[in-house]
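The values are calculated or read from the model by the stated rules, or taken from the named source; none is laboratory data. Because the structure is a prediction, the values reported are computed rather than measured. Glycine gets a Cβ as well: all are built from the backbone with ideal geometry, and neighbour counts include every protein chain shown.
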Amino acid sequence: MKKIGILNFQYSTHNYGAVLQAAALEHICTQLGHEAQHLDYMAKRKVTLKGRVGQVLRKLGLRNTPAHARVANEEAFERFRERFITRTKKIRNPSEFRSVAKGFDSVIVGSDQVWRPAFAKDTLGFFLGHVPEGVDRLSYAASFGTSSWEKSNDAALTDKVKKELHKFKAVSCREESGVEICRDVFGVEAEHVLDPLLLVDDGFFEKLIGKAGNKNNAKMVFYKLDSDDDFFEDLGRLAKFYNFDYLNIYSERSDVRHYREVIDWLSYIRDAELVVSDSFHCICLALRFGKKVIYCPNERRGQARMDSLFSQLEISLVPVKMDLKTPLYELSRAGDIDSGLKKLRESSQRFLVNALEK
């Protein structure tokens, strides 16, 4: 048994996929016979003078938090972490990171868009630059989020990342484009592997949601990260065409976002007949649960990961044949999803097993 540290975006207060894939990777490591913990590190950007003034004014009640930033129950995600994610103590800076990381045999970074500088905040930290010598560095299904390296115009940072990646014992990416970036930009060979939510066994989901159904009978659910009036009009047309009631499982349409419990969100997808989404992890789960899926392209969120997923699973996009204002596509595959996942699971697990060996 080895002590494994895991680094990703498990600390999210609004991203269901982030916390679920984190729990899934921990579950997989535990099933392989190891002791796994998440490094509880949330890097923070430097606050500008304008930002500090805004913080003070809000504390004094002289300025309101913008409506789009208000959250009614972000603690829903913390409740999930308390039950299903094992974490180290809070890590506040690189020095504490090094101190905590030295207690592990290996540290894995991934999955999710951990190698996208726009999201990671501490870019070198998420390329395991704070992991001390003597601790194996690995990546599992790490994603750059886009089809190219975002910081290609920053030669100094690119060179630093290259040096860190060459210290890794094993590298794997969630997208084929990530494998190409590793090779062409950083001179590192990487393997293409499945996201943890596609690799994990059925027992993981049974542990989370069991057999119990949810309290809503909506046959159509939607999880749209970016919505507008045109989308909601089209959604109504879809619901009328299929004669389904529908439910927003992201948050309520109001001035204050009210997020659902993570387990409830997961069960809504499992119990639906049709899932409409632009979210990578929502679509992974809908496919995993054998649901009919309608995909809404959203390049702003990173199209490379979607293209890679569809190619990997041999999924074709069939335009929805309705008079719609929003581009919508039904996901179609010749065979069942499990048969397509079998070989991919074998190779992905083999990578992880080999990477964690002495």
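Data table
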{"item": "Output for the range 220-246, where each listed residue is more than 17 Å from ASN298 (Cα to Cα) and either of a type in the set (A, V, I, L, M) or touching a residue at least 24 places away in the same chain (Cβ under 8 Å) (or both)", "result": "MET220, VAL221, GLU233, ARG237, LEU238, ALA239, PHE241, TYR242, PHE244, ASP245, TYR246"}
{"item": "Every residue from the range 2-41 that is in contact with a Lys or Arg (Cβ under 6 Å, 6 or more places away or on another chain) and more than 25 Å from ASN354 (Cβ to Cβ)", "result": "ASP40"}
{"item": "Unmet requirement for CYS173, which otherwise passes all of (1) under 15 Å from PHE9 (Cα atoms); (2) at pLDDT 95 or above", "result": "(1)"}
{"item": "Qualifying positions in the range 97-111 - touching a strand residue (DSSP E or B) at 6+ places or on another chain (Cβ under 8 Å) and either at pLDDT 95 or above or not in a loop (DSSP other than H, G, I, E, B) (or both)", "result": "PHE97, VAL100, ALA101, GLY103, PHE104, ASP105, SER106, VAL107, ILE108, VAL109"}
{"item": "Options PHE119, PHE127: the member that is among the aromatic types (Phe, Trp, Tyr) and modelled with pLDDT under 95", "result": "PHE119"}
{"item": "Selection within the range 321-339 - buried (at least 16 other Cβ atoms within 10 Å of the Cβ) and in contact with an Asp or Glu (Cβ under 6 Å, 6 or more places away or on another chain)", "result": "LEU324, THR326"}
{"item": "Leading residue by the ranking (nearest to LYS169 (Cα to Cα)) among those in the range 211-247 that are out of contact with any helix residue (DSSP H, G or I) (no Cβ under 9 Å at 6 or more places or on another chain) and assigned to a loop (DSSP other than H, G, I, E, B)", "result": "LYS211"}
{"item": "Of residues in the range 146-168 being within 23 Å of SER347 (Cβ to Cβ) and part of a loop (DSSP other than H, G, I, E, B), the one modelled with the lowest pLDDT", "result": "SER147"}
{"item": "Matching entry among ALA218, ALA190, ALA170, ALA141 (being in the same structural domain as SER311 (by TED's automatic domain parsing) and crowded, with 16+ Cβ neighbours inside 10 Å)", "result": "ALA218"}
{"item": "Output for the range 306-320, where each listed residue is surrounded by 15 or more Cβ atoms within 10 Å (Cβ to Cβ) and β-branched (Val, Ile, Thr)", "result": "ILE315, VAL320"}
{"item": "Test: residue in the range 286-305 that is in contact with a Leu (Cβ under 9 Å, 6 or more places away or on another chain), among the basic types (Lys, Arg) and buried (at least 18 other Cβ atoms within 10 Å of the Cβ)", "result": "yes"}
{"item": "Scan of the range 159-189 for residues that are touching an Asp or Glu at 6+ places or on another chain (Cβ under 9 Å) and within 19 Å of SER106 (Cα to Cα), ordered by number", "result": "LYS167, PHE168, LYS169, ALA170, VAL171, SER172, CYS173"}
{"item": "Selected residue (criterion: nearest to LEU194 (Cα to Cα)) from residues of the range 1-37 that are of a type in the set (Val, Ile, Thr) and either assigned to a strand (DSSP E or B) or not assigned by TED's automatic domain parsing to the domain that holds SER139 (or both)", "result": "ILE6"}
{"item": "Subset of the range 173-185 [assigned to a helix (DSSP H, G or I), buried (at least 21 other Cβ atoms within 10 Å of the Cβ), of a type in the set (A, V, I, L, M, F, W, C) and in contact with a Ser or Thr (Cβ under 8 Å, 6 or more places away or on another chain)]", "result": "ILE181"}
{"item": "The range 340-358, subset more than 13 Å from TYR140 (Cβ to Cβ) and without any contact (Cβ under 8 Å) to a residue 12 or more places away in the chain, residue surrounded by the fewest Cβ atoms within 10 Å (Cβ to Cβ)", "result": "LYS358"}
{"item": "Any hit, the range 315-335, residues being assigned to a helix (DSSP H, G or I) and not basic (Lys, Arg)", "result": "no"}
